[in-house]
Structure formats: structure tokens, C-alpha cells
Amino acid sequence: MDEIKKILIATDGSEYTKEAVKKGLSLAKMLDAEVIGLYVVDISPILPMSLDESTFPMVDFLRNEGDDVLERLKKQGEEMGVKIKTLKKEGVPADEIVETAKIEDVDLIVIGTLGRSALEKLLLGSVAEKVIRHAPCPVLVVRTKKR
């Protein structure tokens, strides 16, 4: 594997991505790699709906949450001495993660997952699974057990 100098850490601020963030930042520190922290405002549930005034409060809430999540990630990285840049995008999470990895020319993507059963994946889909299939680079999937 080539040298890892740029790591994309995808987070949604949930409990299951906290472990991925921690592992991604630790790895970046160890490798002296730059980190790009990415939060995707997931608008996929509202794509079939018309984007009228009734959907704005939900999207605004997600945008604000994204700002908070990225601020915490940036602070955590800076406290560890890791060079970190944050990005917030809107769209379908898996698509935006893969596209950002290509644009930013990252060497590794770090993403969290709950480790769902095959049936749950079939019914719900999996961001991690889609990223693995389409990523332009290796993907480190950090599994968090359900509590």
C-alpha cells in the first residue's frame, strides 16, 4: 500500500461514528497524516418530496447539527496535534463521501458502522457498504456494537 498522507473521516455525530473518529484521528497522528473531516447533511429522505418551506426547518436543523459535529471533530483533532480541515456537504451520504474522496485525493477513508445483520442491510442499505464498493482508495470500517 502507498503511504497514507491524507485521511477522510466521515462522521454524522452519532455514537457509532465516535469510535471511527477516534481511530481515524489516532491513525492520522501515528502516520503524521492530514485529516479531512466530512459531515453530510443527508437530504436523501426528503429528495422525493418537494423542497418547499415545510422542509426548510428539517434541513436547517441538520445543517446546524453538522456545524456542531465538525467543530467538535476539529477541536478533537487539534488537541491531538493533527492537521485537520472540515467539510460539510449536502446529498446522499455514500455518494458525497466517495465524491469527496476523489476530489480531495485521499489515501484512506475511515467510516463507522453498526455491523447490521444481512437482513437489516438488505432492508435499510448501508452507507459503509456503498462507500466500500465505490471508493477510489482503501476504506477502514470501524464497527461499533449495538448497545
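Rule-based calculations on the coordinates, nothing more; no lab input. Predicted model only: the values in this text are computed from it and were never measured. Backbone-built Cβ (ideal geometry, glycine too); neighbour counts: all protein chains shown.
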Full extension between residue 92 and residue 58 adds, at 0.36 nm per residue less the Cα distance, a length in nm of 10.7 nm
Sequence order, the range 29-40: Karplus ³J(HN,Hα) from phi using 6.51 cos²θ - 1.76 cosθ + 1.60, θ = phi - 60°, Hz rounded, Gly and Pro as x, gives 4, 4, 8, 6, 9, 7, 10, 10, x, 10, 10, 10
Among the range 12-37, those whose backbone N falls under 12 Å of a label point 7 Å along Cα→Cβ from residue 72 are 12-19, 21-22
